[in-house]
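Contents: one structure, followed by commentary.
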Amino acid sequence: MNAPLLQVPLQVPLLQVNDLKKHFPVRGGLFSRKSKWVYAVDGVSFEVARGETLSLVGESGCGKSTVGRAILRLFDITAGQVVLDGQRIDDASPAALRSMRRRVQVVFQDPFSSLNPRMRVRDILAEPIRNFGLAKSSAELDAKVAALMDTVRLPRDALGRRPHEFSGGQRQRIGIARALAAEPELIVCDEAVSALDVSVKAQIVNLLQDLQREFGLALLFISHDLAIVEHMTHRVAVMYLGKIVEMAPRQQIFTAPRHPYTRALLSAVPVPEPGAIRNPIILKGDVPSPINPPSGCRFHTRCPYVFDRCRTEEPKLRAVADDQWAACHLDALPV
């Protein structure tokens with residue numbers, strides 16, 4: 001996982017997410033009409049350029065997968081905007097949404113449950129090509145399917161097999177090939193390597209980087225594994241309880257974090273060098289409920305540097321260095 005990252009040219013972003021909110025209703029009981037709300041995503045904004053990898057990271061339940069599903073328009077959002085190349089996804093008509101969905105594809109976490117066990121690989125890969133009219137003849141369709149197998153480094157003679165006949169890593173390659181079949185510009189990778197063995201993770205990460213260089217793909221890489229993120233991303237957005245608390249280029253996040261939560265996450269990443277020691281920061285308490293998030297800074301109930309202002313005033317995401325943004329009242333973290 002040491003291949004150089006694709007250089008991203010400065011240009012208008014491919015994807016813009018503006019103040020995105022997604023609140024899910026929760027009924028109080030069988031006959032209750034009163035509803036509470038799960039504030040799964042509560043005001044998230046970011047951009048992804050063509051050819052760029054932006055990683056969304058954070059603990060389980062922080063809302064990062066909900067952001068990915070909102071971008072894919074798997075449900076209607078509560079508020080905000082999702083804009084793809086100047087066109088809004090969040091309020092697009094069914095006809096417009098169909099063409100946008102070809103341009104934004106997804107690779108899911110579980111490579112087995114995301115593939116139809118009754119279908120052969122040939123049909124799994126051919127389905128999006130047919131759906132979007134990307135082949136003019138059966139011969140062209142067969143050629144595209146065979147080329148997809150070459151692209152993800154699987155043998156062509158495996159096209160007649162079903163998903164259960166492959167290993168986990170091979171199934172994830174099929175999932176990636178299915179995403180590529182639609183000829184997308186952006187791929188949402190929702191914990192795409194978290195269910196794989198360590199050695200297989202490295203292979204899939206290398207494959208994604210190679211595909212990004214070959215096709216100029218933008219990647220939204222959703223993960224809780226910072227060791228993987230460090231090797232494959234251009235920028236990182238750190239989420240906590242439905243909000244982005246820090247966003248910066250990879251090197252700045254991993255060498256000079258400016259939010260206490262980011263520092264705590266990084267302290268838990270294993271150190272690969274023999275004999276090297278990292279002192280983990282143990283956060284007190286549990287993650288608060290997204291049904292009743294804390295007032296002020298949502299991290300203040302667990303922050304080792306909390307002071308009175310944190311409990312009452314919500315910090316805004318503000319520039320703290322060149323291209324680095326943090327939602328923290330502290331101007332600098334204590335050494």
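The values are calculated or read from the model by the stated rules, or taken from the named source; none is laboratory data. All values reported here derive from a predicted model rather than from experimental measurement. Neighbour counts run over all protein chains shown; Cβ positions are idealised from the backbone, glycine included.
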The correct count of residues that are farther than 17 Å from Ser223 by Cα and of a type in the set (Phe, Trp, Tyr) in the stretch 67-114 is 2
By residue number, the members of the stretch 126-155 that are part of a loop (DSSP other than H, G, I, E, B), surrounded by 12 or more Cβ atoms within 10 Å (Cβ to Cβ) and among the small types (Gly, Ala, Ser) are Ala135
Got at least one residue in the stretch 182-203 being in contact with a Leu (Cβ under 9 Å, 6 or more places away or on another chain), part of a helix (DSSP H, G or I) and under 17 Å from Val106 (Cα atoms)? no
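I'm trying to understand the selection: among the residues of the stretch 35-71, which are part of a loop (DSSP other than H, G, I, E, B) and either in contact with a Pro (Cβ under 9 Å, 6 or more places away or on another chain) or crowded, with 24+ Cβ neighbours inside 10 Å (or both)? Can you show your working first?
Step one: filter the stretch 35-71 for residues part of a loop (DSSP other than H, G, I, E, B), giving 49-52, 58-63.
Hits for the stretch 35-71 are Ala49, Arg50, Gly51, Glu52, Gly58, Gly61, Cys62, Gly63.
Return yes or no: is Leu265 in contact (Cβ under 8 Å) with a residue 12 or more places away in the chain, in contact with a helix residue (DSSP H, G or I) (Cβ under 7 Å, 6 or more places away or on another chain) and closer than 27 Å to Tyr39 by Cα?
Judged against the criteria, Leu265 is a match.
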For this session: For the stretch 236-249, indicate whether the set of residues that are in contact with a Leu (Cβ under 9 Å, 6 or more places away or on another chain) and more than 30 Å from Ser295 (Cβ to Cβ) is non-empty.
Result: no
Test result for Gly175, among the small types (Gly, Ala, Ser), out of contact with any strand residue (DSSP E or B) (no Cβ under 7 Å at 6 or more places or on another chain), surrounded by 17 or more Cβ atoms within 10 Å (Cβ to Cβ) and part of a helix (DSSP H, G or I) | no
Residue pairs within 9 Å by beta carbon, gap of at least six or interchain, first lying in the stretch 311-335 and at positive phi and in contact (Cβ under 8 Å) with a residue 40 or more places away in the chain, second loosely packed, with under 11 Cβ neighbours inside 10 Å and part of a loop (DSSP other than H, G, I, E, B), listed first then second, are none
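Could you identify the single residue in Ala177, Ala139, Ala147 that is over 25 Å from Asn206 (Cβ atoms), at pLDDT 95 or above and not charged (D, E, K, R)? Spell out the reasoning first.
Details: Ala177 fails: over 25 Å from Asn206 (Cβ atoms); Ala147 fails: over 25 Å from Asn206 (Cβ atoms).
It is Ala139.
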Looking across the stretch 75-122 at residues that are assigned to a strand (DSSP E or B) and hydrophobic (A, V, I, L, M, F, W, C), the single one that is surrounded by the most Cβ atoms within 10 Å (Cβ to Cβ) is Val107
- Query: Are any of the residues in the stretch 84-107 over 20 Å from Leu14 (Cα atoms), aliphatic (A, V, I, L, M) and touching a residue at least 40 places away in the same chain (Cβ under 8 Å)?
  - Reply: no
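Give, as residue ranges, the strands (runs of 3 or more DSSP E) completely inside the stretch 213-313 that count at least 1 residues that are more than 22 Å from the chain's Cα centre (by Cα) and surrounded by fewer than 17 Cβ atoms within 10 Å (Cβ to Cβ). Reasoning before the result, please.
On the way: elements: 218-223, 235-240, 243-249.
So the answer is none; nothing clears 1.
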Checked the stretch 166-181 for anything over 19 Å from the mean Cα position of the chain (by Cα), under 17 Å from Ala146 (Cβ atoms) and of a type in the set (Gly, Ala, Ser); matches are Ala181
| query | Does Pro13 satisfy the condition of being assigned to a loop (DSSP other than H, G, I, E, B) and either modelled with pLDDT of 95 or more or under 20 Å from Leu317 (Cα atoms) (or both)? | reply | yes
